[in-house]
Amino acid sequence: MMRLAGKAAVITGAGVGIGRATAQLFAKEGAAVAVADLNPTTGQETVALIEAAGGKAFFVKADVSQAEDVEEMLRQAQSHFGRVDVLFNNAGIVKQGRVEDSSVEDWSAQIGTTLTSVFLGCKYAIPIMRAQGGGVLINMASVAGMMGIVNRAVYSAAKGGVIGLTRAIALDHAGEGIRCVYLSPATIETPSLTDRINSSPDPVEARKSFEARQPVGRLGRPDDVAYAALYLASDEASFLTGSGLTVDGGMAV
């Protein structure tokens with residue numbers, strides 16, 4: 001039996017990388033998927049991939065740092081599917097920099113897209129889930145929020161905030177059938193990481209440096225995180241709330 005049969009999921013940042021891999025996997029496992037992204041081209045590509053494989057999906061454009069966009073995203077999902085069983089707050093951005101090197105604009109952009117987006121997603125999904133008798137909120141954290149990463153001060157702060165927010169939401173809504181959990185990946189080979197590697201002065205050495213941070217000796221793959229998200233979204237994880245899974249190849253050990 002498919003693990004998400006009959007369920008409806010909303011996935012932010014689903015146009016590429018982890019979001020796309022998760023959207024495809026959730027659809028394969030029986031979920032109807034709202035593919036949310038700021039980029040209509042990549043978002044529609046994800047929808048096309050899902051539909052070509054026999055799945056059900058639609059695209060919704062959303063700037064997840066903006067309350068009106070997030071509220072509308074969830075309204076559309078509920079209108080299309082009649083319910084929202086899973087919200088995966090996956091979207092986020094990362095900029096390099098120590099505190100003194102980071103501008104106020106850098107702070108606002110990363111906090112907005114990486115942390116405020118999680119607050120907004122949960123805020124507008126919780127009433128829907130409460131009314132239908134429950135649901136699952138999956139929030140994208142990072143090993144950076146657990147241990148801190150050199151030259152990633154604001155990003156580490158945002159991801160640490162995601163973990164704290166997740167734990168608080170889990171306690172506030174445990175009695176309503178709403179689970180709130182998080183994922184903490186390490187370095188995953190997404191298009192944005194590939195761009196960073198290829199734009200470095202020595203791409204070969206840059207890749208080796210990223211790989212060296214993972215004790216297992218390789219970068220993570222989007223599917224590595226997608227399968228962890230699938231478990232958290234499924235009924236198999238029904239006793240798991242307020243905590244999460246670390247998908248990091250041993251980086252945070």
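The values are calculated or read from the model by the stated rules, or taken from the named source; none is laboratory data. Everything quoted here is computed from the prediction, not taken from an experiment. Using ideal geometry, Cβ is built from the backbone for each residue, glycine included, and neighbour counts are taken over all protein chains shown.
Details
- Lone qualifier among A53, A14, A31 - being assigned by TED's automatic domain parsing to the domain that holds F88, free of Cβ contacts under 8 Å to residues at least 40 places away in the same chain and not β-branched (V, I, T): A53
- Any hit, region 171-178, residues being surrounded by fewer than 20 Cβ atoms within 10 Å (Cβ to Cβ) and assigned to a loop (DSSP other than H, G, I, E, B): yes
- If the condition is being outside any loop (DSSP other than H, G, I, E, B), in contact (Cβ under 8 Å) with a residue 24 or more places away in the chain and within 13 Å of E29 (Cβ to Cβ), then region 224-242 contributes A226, Y227, A229, L230, L232, A233, D235, E236.
- Some residue of region 132-141 being part of a helix (DSSP H, G or I), touching a residue at least 12 places away in the same chain (Cβ under 8 Å) and touching a helix residue (DSSP H, G or I) at 6+ places or on another chain (Cβ under 7 Å): no
- Test for T166: is it touching a Cys at 6+ places or on another chain (Cβ under 7 Å), touching a residue at least 12 places away in the same chain (Cβ under 8 Å) and under 25 Å from L137 (Cβ atoms): yes
- Filtering region 98-131 to residues that are out of contact with any helix residue (DSSP H, G or I) (no Cβ under 6 Å at 6 or more places or on another chain), among the polar types (S, T, N, Q) and not in a helix (DSSP H, G or I) leaves only S103.
- Counting only strands (runs of 3 or more DSSP E) that fall entirely inside region 1-97 and contain at least 2 residues that are of a type outside the set (A, V, I, L, M, F, W, C), the qualifying elements are 56-61.
- Residue pairs whose Cβ atoms lie under 9 Å apart, separated by 6 or more positions or on different chains, with the first residue in region 114-128 and farther than 15 Å from Q78 by Cβ and the second in a helix (DSSP H, G or I) and of a type in the set (F, W, Y), are T114/Y155.
- Residue check for Q44: polar (S, T, N, Q), touching a Phe, Trp or Tyr at 6+ places or on another chain (Cβ under 6 Å), assigned by TED's automatic domain parsing to the domain that holds S234 and within 29 Å of I111 (Cβ to Cβ): yes
- Matching option when the condition is surrounded by fewer than 19 Cβ atoms within 10 Å (Cβ to Cβ), of a type outside the set (S, T, N, Q) and part of a loop (DSSP other than H, G, I, E, B), among R196, R218: R218
- Looking across V86, V64, one residue alone is aliphatic (A, V, I, L, M), modelled with pLDDT of 95 or more and closer than 19 Å to A229 by Cα. It is V86.
- Filtering V136, V162 for residues that are surrounded by 22 or more Cβ atoms within 10 Å (Cβ to Cβ), closer than 30 Å to G82 by Cα and out of contact with any Phe, Trp or Tyr (no Cβ under 8 Å at 6 or more places or on another chain) leaves a single hit, V136.
- Test result for G148, in contact (Cβ under 8 Å) with a residue 40 or more places away in the chain and surrounded by fewer than 17 Cβ atoms within 10 Å (Cβ to Cβ): no
- Hey, E100 closer than 20 Å to Q66 by Cα, among the acidic types (D, E), without any contact (Cβ under 8 Å) to a residue 24 or more places away in the chain and surrounded by fewer than 17 Cβ atoms within 10 Å (Cβ to Cβ) or not: no
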